[in-house]
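The values are calculated or read from the model by the stated rules, or taken from the named source; none is laboratory data. Quantities reported herein were computed from a predicted structural model and do not represent experimental measurements. Quick reminder, even Gly has a Cβ in these numbers, built from the backbone with ideal geometry, and neighbours come from all protein chains shown. Side chains included, ligands, DNA and RNA excluded: accessible areas come from the protein's heavy atoms. Shrake-Rupley method; radii C 1.70, N 1.55, O 1.52, S 1.80 Å.
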Amino acid sequence: FNMNMKLFKIDEMQGLLYGRATQEVEDKAGEVMDYASSKPMFEKWSNDFATRTQGKSYGNVRTQHDSKRVAGKIVEPLVFNDEDKAIDVCIKVTDKEVFELCKAGVYTGLSIGGSYGKQWTDDSGVIHYTAIPSELSIVDNPAVPTATIMYVKADGTTEEKTFNKKEVSEVDKEKETQVETV
């Protein structure tokens, strides 16, 4: 499975990206990650990384779910927001190209990669599942279409960047053109 969420903020000075890794909301596939049963899976995944790296990483971060493209690492403990049934992260983006694409609004969200644990269908026909994460990716097409990034410039000032459907489709057209010319 892949669960995509929006980015919150980019800190240019430190190369940090803040975002929501996942939340108990219906995604583009019409499925809902169950926060209560998934939270322990995220804790285990992140704690395993923290143990193996002696606290230098709280999780692996890829680009577009490509196992060969490391984008960075989660640099702070995961933030479990029980009220919103959400998990927020702080990522150190080590791939300069990926960071530039985030700043330009090409990459606009995060996506959890992993496997399904338990799955069930509720009375209204919506599929719920327990997420078992194996990676977090920076992506160009998150499941939440209203992706907003708060961009923190090197001088400390902020600028809100909202990427609407038109801008995203223009990026997609640009990618198609690049693919056609290769």
query: Quick check: is even one residue across segment 91-110 under 14 Å from the mean Cα position of the chain (by Cα), open to solvent by less than 30 Å² (accessible area, probe 1.4 Å), over 14 Å from Ile138 (Cβ atoms) and among the aromatic types (Phe, Trp, Tyr)?
result: no
Just one listed residue, out of Lys28, Lys39, is in contact (Cβ under 8 Å) with a residue 24 or more places away in the chain, part of a loop (DSSP other than H, G, I, E, B) and either open to solvent by 20 Å² or more (accessible area, probe 1.4 Å) or of a type outside the set (Ser, Thr, Tyr) (or both), and it is Lys28
Of the residues in segment 54-82, those that are surrounded by fewer than 13 Cβ atoms within 10 Å (Cβ to Cβ) and of a type in the set (Ser, Thr, Tyr) number 1
